[in-house]
Amino acid sequence: QVQLVESGGGLVQAGDSLRLACVASGRTFSAYTLGWFRQAPGKEREFVAAISSSGSVRNYKDSVKGRFTISRDNAKNTVYLQMNSLKPEDTAIYYCARTWRVTTTVITDYDYWGQGTQVTVSS
């Protein structure tokens, strides 16, 4: 059974930074793509970023390009999301998830999900 556990969320002001982390259980972490998604109140869950198994391919939602950076440390079974220049519209619960497809943005391609971590950005 794969488990994904997110951490690093919190309450920050606009312009601040946060780094989210997601630790995965299991011995095949380095074999699959990891993604970050978010869900704001009253809205559908949306793709934020994804990184391929080796880390060589990364994909981002347009509105976070240049502000967010996804990375991974396969030795630590951990994927990160560095979020800079945060905006109030970034407020959401952030989830990490796993897929066998390369950096897909399609939510249904992801089969295991974490419980999420809350990010709140005040203006």
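The values are calculated or read from the model by the stated rules, or taken from the named source; none is laboratory data. None of these values were measured; they are calculated from a predicted model. We place every Cβ from the backbone using ideal geometry, glycine too, and count neighbours over all the protein chains shown. Side chains included, ligands, DNA and RNA excluded: accessible areas come from the protein's heavy atoms. Shrake-Rupley method; radii C 1.70, N 1.55, O 1.52, S 1.80 Å.
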Among residues belonging to segment 1-25 that are over 17 Å from Ser122 (Cβ atoms) and not in a strand (DSSP E or B), point out the one that is most open to solvent (accessible area, probe 1.4 Å). Gln1
Residues (free of Cβ contacts under 8 Å to residues at least 60 places away in the same chain and of a type in the set (S, T, N, Q)) located in segment 74-104: Asn74, Asn77, Thr78, Thr91
Members of segment 26-73 found to be assigned to a loop (DSSP other than H, G, I, E, B), open to solvent by less than 20 Å² (accessible area, probe 1.4 Å) and in contact (Cβ under 8 Å) with a residue 24 or more places away in the chain, listed by number: Tyr32, Ser52
If you take the residues of segment 80-104 that are under 27 Å from Gly42 (Cβ atoms) and of a type in the set (A, V, I, L, M), which of them is nearest to the chain's Cα centre (by Cα)? Leu81
Looking only at segment 86-123, count every residue that is open to solvent by 60 Å² or more (accessible area, probe 1.4 Å) and assigned to a loop (DSSP other than H, G, I, E, B) and tell me the total. 9
Of Thr69, Thr78, Thr28, which residue is modelled with pLDDT of 95 or more, closer than 17 Å to Trp100 by Cα and of a type in the set (Ser, Thr, Tyr)? Thr78
